[in-house]
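Here is the structure we will look at, set down as structure tokens.
Every number here is computed from the coordinates shown, using simple stated rules; none is lab data. As the structure is a computational prediction, the values presented were derived from the model and not from experiment. Virtual Cβ from ideal backbone geometry, glycine too; neighbours counted across all protein chains shown.
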Amino acid sequence: MTLHIDIPEENLASILAKAFRNRSFLAGFVIAALVAAIAIVSFFWTPYDVTKLIVADRTQAPSLAHWFGTDHFGRDILSMIMVGARNSIAVALVAVGIGMGVGVPLGAFAAARGGLVDEALMRLNDLVFAFPALLSAIMITAIFGPGAINAIIAIGIFNIPVFARVARAGALAIWPREFILAARAAGKGKTLITIEHVLPNIVTLLLVQGTIQFALGILAEAGLSYVGLGTQPPMPSWGRMLFDAQTRMVVAPWMAIFPGMAIVITVLGLNLLGDGIADILDPRSRRQR
Amino acid sequence: MTAYLLKRLAIAVATLVLASMVVFAVLEIIPGDPARLMLGMNASADQVELLRNQMGLNAPLAWRYLHWAGGLMSLDFGRSYTYSVPVIDLVRERVVVSLPLALIALALSTLIAIPVGLFSAGRHGRASDTVAMGAAQLGVAVPNFWFALMLIYLFAVWLRLVPAGGFPGWGAGVWPALKSLVLPAIALALPQAAILARVTRSALIEVLNEDYIRTARAKGLPYRAVLWRHALRNAMIPVLTILGLQFAFLLAGTIIIENVFYLPGLGRLVFQAITQRDLIVVESVVMLLVAAVIIVNLLVDLSYAVVDPRLRSRP
């Protein structure tokens, strides 16, 4: 069985060589790797224990002992940002997983069947699209109460139509190709063709969309936690830290500045990475957002 | 043209009906009895039953849905469980804050994004394009509520130019009211403008590579005229699509930003309603916002036909 992957015809070495010449990819990769490394390190070591409240150390300005200062409970902001990275990545990653896991099969199926099935699935997409993640989160919270799991579900649900659209559009462009015709002539069914020939050819598109949704997921999680619908204390999360900072802007601006910068840098890194991947694998592609 | 419009209209109506069913179903599965909630724990079972009958809670499911949906169409959302006033009155008080905020932000982001997109596309590949798009890349990554906090710190705490939050109400005069919406609108608009500028630029660059642009240049039209008259018009479709999608994000953003600035808008209403378990208010506001998203996207679909004459002749 041979797979027909016709976009990256070069070997891995030449793709890597291209990747190292692409500034956007390099910058994005370094930032994303750094954030991931920080999140992993936080499992084993943080400068201070984020579960210990030391009231004597509360709202201290940045210093050598506390690089990013401390919060109103005396917790070290740097340590909280490190643990928060773990939380942001986990929520966004699972939400992308839900979106891809449900959306891609739906989109590919719609493209393969066409006709009424396609129309029905796309209308269902329109329906989900009418509920921005925040609105689904509000409804889910109204039923089950707030929490990180509900934030994941809300962001994940919103990701489903996004991936369904990308997968469908990508698959529709692949179906009229000659190698699909050859596969059909060989007697392969639509499901098998989708798995063996269509999906491998839209992996690039999905990868690029995946990094975009990952970045958006981190923004969405921060927003939900900020308004109290996402991750709940005492688990540190970037959005929640900003909520705590809000009423203390005058006395402790560092409580707001550093978690916000963590979000900006992470999202920026992921977006650069997505741009870079799109450039390397398909120079003609333009990001659609 | 008529067929196209009718199809879009039918899709919008169908989506609206399905969305209302989803919202209604959500309220149905929520545990807890609204009648019990309104009367408190000390009320007798008979009293609760009486109120349940009055509120129509004992009627069959389909009948209740139709009753509720029919009410929506005449803007009757029912009564708030906690305030005991019609939900529409609560909404009416708040919408005069949220809607102007969203509209100002939308106007602001468009006014920033289109010129930046035009500028960047016109200087495609030059240093000024790189700088502008670098700024846009950064803008896309900034969460609007964090940006809002930074704006408060800079303009309200340090420079004391504008109030840090709160809303005097339109009764206090247009200028004081607008003044308290300035920072929230900027906070909402800039990240959106960054996205829109990127889309405008890439749509324009795509169009500028077309043959008819070369023809227009070859017949001696100045570059500026080609950019505005030919390129921008043809690049409008992706730009409009993103504008429609952004409206949904703006509404969601408004809900969050209102919490940063303590603005008494729909966002504050919905969060108060969640903590008070005033579910009919939650449901009504969500339904209203979903309807707004669907209607705006319908308008975008219709505007395609205005912008692109080819769509008008297509069946």
Region A:42-87 versus region B:173-234: alpha-carbon centroid distance in Å | 44
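Which order results if A:Ile265, A:Ile140 are arranged by neighbouring Cβ count within 10 Å, fewest first?
The most exposed by this proxy come first: A:Ile265, A:Ile140.
Within 10 Å of each candidate Cβ there may be at most 16 other Cβ atoms; applying that plus a DSSP loop requirement, which trypsin sites (Lys or Arg not before Pro) in region A:106-201 survive?
Working: sites: A:Arg113, A:Arg123, A:Arg165, A:Arg168, A:Arg177, A:Arg184, A:Lys188, A:Lys190; in loops: A:Arg177, A:Lys188.
Here the sparse-neighbourhood loop sites are A:Arg177, A:Lys188.
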Table column - 3J(HN,Hα) (Hz), region A:176-188, Karplus curve with 6.51, -1.76, 1.60, x for Gly and Pro = x, 5, 5, 5, 6, 4, 4, 5, 5, 4, 6, x, 6
Convex hull around the C-alpha positions of the protein assembly as shown: the volume in Å³ per residue is 209
Longest site-free stretch - chain A; sites: GluC sites (Glu not before Pro), DSSP loop, at most 14 other Cβ within 10 Å = A:11-289
Give me the orientation-averaged projected area of the Cα convex hull of region B:88-312, in nm², one decimal.
-> 15.0
Residues whose built amide H sits under 5 Å from the amide H of B:Arg79, excluding neighbours closer than 5 in sequence, are B:Val87
Cα convex hull of region A:8-90: how many Å³ per residue?
-> 132
Can you work out ³J(HN,Hα) from phi for every residue in region B:203-220, in order, using Karplus 6.51 cos²θ - 1.76 cosθ + 1.60 and θ = phi - 60°, giving whole Hz and x for Gly and Pro?
-> 5, 5, 4, 4, 5, 5, 7, 6, 4, 5, 5, 4, 4, 4, 5, 5, 7, x
Using just the helices of the protein assembly as shown, give the 222 nm mean residue ellipticity in deg cm²/dmol: DSSP H runs with n ≥ 4 each add -39,500 (n - 2.57), and the total is spread over all residues, rounded to 500.
-> -24500 deg cm²/dmol
Estimated vicinal HN-Hα couplings, Hz - region B:92-102 in sequence order (Karplus 6.51, -1.76, 1.60; Gly, Pro = x) | 4, 4, 8, 5, 6, 9, 5, 5, x, 4, 4
What relative contact order, as a whole-number percentage, does chain B give when Cα pairs under 8 Å and 6 or more residues apart are counted?
-> 27
Go through A:Asn125, A:Ile54, A:His66 and say which Cα lies farthest out towards the positive end of the charge dipole of chain A; charges sit on Cβ, +1 for Lys and Arg, -1 for Asp and Glu.
-> A:Asn125
Taking the Cα centre of each part, how many Å lie between region A:179-229 and region A:232-248?
-> 33
Relative to the longest principal Cα axis of chain A, at what angle does helix A:199-226 sit, 0 to 90 degrees, rounded to 10?
-> 20
